Structure formats: C-alpha cells, structure tokens
Amino acid sequence: LAKTTQPISMDSYEGQEVNITCSHNNIATNDYITWYQQFPSQGPRFIIQGYKTKVTNEVASLFIPADRKSSTLSLPRVSLSDTAVYYCLVVAPNRDDKIIFGKGTRLHILP
Amino acid sequence: EPEVTQTPSHQVTQMGQEVILRCVPISNHLYFYWYRQILGQKVEFLVSFYNNEISEKSEIFDDQFSVERPDGSNFTLKIRSTKLEDSAMYFCASSDRATDHYNVLTFGAGSRLTVL
C-alpha cells in the first residue's frame with residue numbers, strides 16, 4: 001500500500017482558493033488517488049478521484065503531475081462550511097480490501 | 001442519493017456487555033466495511049467483507065469482534081465483551097467498485113459507542 005503524507009493542518013480565509021498537497025512517492029502503476037472530506041461527528045465523504053493530469057467536479061479539482069508522486073486537491077473559493085478534515089488515499093482498483101486512512105489535513109476556514 | 005444507514009446512532013453500555021451495531025449498505029453494493037474513530041483520532045480500518053466472508057481485517061479486529069450479513073440487507077458488527085477502549089464512533093461503509101470510480105466508499109453517519 002502506498003503511504004501518503006499531507007500537512008497536519010492548514011488555515012485559510014473565506015473566498016480564497018485552498019490547495020492541499022499530498023505526497024505518495026511509492027504509488028503503483030495501477031493505483032488511483034482519492035480524496036475524502038470529513039466533518040465532525042460524520043463519516044468521511046468522497047470528494048474526487050483521479051489517475052493522472054487534472055480532474056474537476058462540482059466540488060474540487062485534483063491536479064496530478066506526470067510522475068504521480070504527489071497530488072494537489074484544490075478547493076475554489078472556500079467558505080466556512082469547508083472547515084473539515086481532508087484525507088488523501090491511494091487505492092488499487094478492484095484489489096484493495098484494506099483501505100487505510102491517514103491522519104488527514106485539518107482545514108480551518110476563517111471569516 | 002443512496003445512503004448507508006446505521007443504527008443505533010448512539011449506544012451506551014456497561015463494560016463487559018455485548019453490543020451489536022447495525023448497518024444497511026447501499027442496495028447494489030457488494031463490498032462492506034467497518035471503521036472506527038476514537039474521539040480526536042484518525043479513521044481506523046477494522047474489517048472488509050465480500051461474498052459472505054471477511055476479506056481483510058486489521059489487528060484491532062480481534063476475537064472480540066465479529067461481522068455478519070444475516071440477510072440480504074443488513075451488515076452487523078458485534079463486540080462480544082466491550083472494554084472501555086472500545087468507546088468510539090463506528091462507521092459502516094459500502095462500495096460497488098464501479099468502473100467509473102475505483103474502490104470509492106460510501107460511509108454511514110456512524111454509531112457512537114460509549115462504554116462505561
């Protein structure tokens with residue numbers, strides 16, 4: 001399983017773009033990069049998944065460089081409600097039965 | 001949007017008692033998981049389940065824990081004799097391993113277990 005490293009915490013202000021970078025130096029060829037968001041007292045919620053280059057959905061963008069050893073979750077124009085813990089995971093499609101969460105990045109949005 | 005449903009939302013029990021936490025995964029999902037999160041700590045993998053058997057388990061999932069899919073809809077986690085350190089939020093998750101997203105888990109709202 002590829003280990004991931006991300007900042008423990010980040011602060012930002014409402015209206016700003018927030019970029020959270022995750023490193024996964026040992027990512028395998030078939031692995032996908034997946035991000036989850038967790039609010040207090042709730043289960044993690046899937047945000048976005050990608051394999052390479054850029055993926056965008058209604059919530060976020062995910063940038064993955066060519067070497068795939070890192071990825072950046074980009075949250076455009078954050079609001080107070082984006083305060084949460086964000087987890088970066090590397091998963092092997094259709095093989096991973098033990099999906100492990102790291103400590104995540106605690107994002108605190110200030111008014 | 002389909003949901004994973006967990007009951008009870010909160011259970012208080014005495015040390016040594018048996019507890020059963022229940023989950024109804026999304027109906028067309030085939031892969032099921034239990035995680036726990038001690039207050040202020042990370043989400044910890046307990047067990048995964050597919051085709052009516054455990055596919056992976058962590059070192060936390062010892063003989064005190066068991067899982068079962070008693071019928072076509074429920075997925076349960078049993079703790080045989082609870083300890084104080086079992087106090088945590090327990091999350092059930094399910095996945096269909098669809099080809100558009102790989103191994104994406106949908107989590108329930110959790111069951112908070114308090115052991116006194």
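So the values come out like this:
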{"read-out": "Highest-MSF residue in chain B out of B:Ser27, B:Ser87, B:Ser48 [GNM, Cα springs under 10 Å]", "value": "B:Ser27"}
{"read-out": "Share of carbon and sulfur in the accessible heavy-atom surface of the protein assembly as shown [1.4 Å probe, %]", "value": "47 percent"}
{"read-out": "Euclidean distance of C-alpha centroids, the stretch A:11-54 and the stretch A:55-72, integer Å", "value": "8 Å"}
{"read-out": "Charge dipole of the stretch B:19-97 about the Cα centre (unit charges at C-beta), most positive-ward option of B:Ile26, B:Asn52, B:Thr76", "value": "B:Ile26"}
{"read-out": "Within the stretch B:83-116, trypsin sites (Lys or Arg not before Pro) in DSSP loop having at most 15 other beta-carbon neighbours inside 10 Å", "value": "B:Lys83"}
{"read-out": "Reduction of at least 30 Å² in accessible surface, 1.4 Å probe, comparing all protein chains with the chain by itself, residues of the stretch B:22-62", "value": "B:Tyr35, B:Lys42, B:Val43, B:Phe45, B:Glu56"}
{"read-out": "For the stretch B:25-52 and the stretch B:58-75, distance of Cα centres in Å", "value": "10 Å"}
{"read-out": "Shape category assigned to the stretch B:5-48 from the gyration tensor of Cα positions, a/c cut at 1.5", "value": "oblate"}
{"read-out": "Cut-off under 5 Å, modelled amide H: who pairs with B:Leu46 long-range", "value": "B:Trp34, B:Tyr35, B:Arg36"}
{"read-out": "Heavy atoms of B:His10 accessible to a 1.4 Å probe, total area in Å² rounded to 10", "value": "100 Å²"}
{"read-out": "Per-residue HN-Hα couplings for the stretch A:100-111 [Karplus 6.51, -1.76, 1.60; θ = phi - 60°; Hz; x = Gly/Pro]", "value": "9, 9, x, 7, x, 10, 8, 9, 10, 9, 9, x"}
{"read-out": "Additional length obtainable on full extension of the chain from A:Ser79 to A:Ala66, 0.36 nm per residue less Cα span", "value": "1.6 nm"}
{"read-out": "Choice from A:Gln37, A:Gln49, A:Gln16 with maximal GNM fluctuation in chain A (Cα, 10 Å cutoff)", "value": "A:Gln16"}
{"read-out": "In the A-B interface, the accessible area buried, summed over both sides, Å² (probe 1.4 Å)", "value": "2000 Å²"}
{"read-out": "Solvent-accessible heavy-atom area per residue, rounded to whole Å², over the protein assembly as shown at 1.4 Å", "value": "51 Å²"}
{"read-out": "Note, ³J(HN,Hα) from phi for the stretch A:11-28, Karplus 6.51, -1.76, 1.60, rounded to Hz, x at Gly and Pro", "value": "10, 8, 10, 3, x, 7, 8, 10, 10, 10, 9, 10, 9, 9, 4, 9, 4, 8"}
{"read-out": "Cβ charges +1 (Lys, Arg) and -1 (Asp, Glu), total dipole of chain A, debye", "value": "300 debye"}
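The values are calculated or read from the model by the stated rules, or taken from the named source; none is laboratory data. Remember, it's a predicted structure, so these values are computed and weren't measured experimentally. Note that each Cβ is placed from the backbone with ideal geometry, even for glycine, and that neighbours are counted across all protein chains shown. All accessible areas refer to the heavy atoms of the entire protein, side chains included, with ligands and DNA or RNA removed. Shrake-Rupley method; radii C 1.70, N 1.55, O 1.52, S 1.80 Å.
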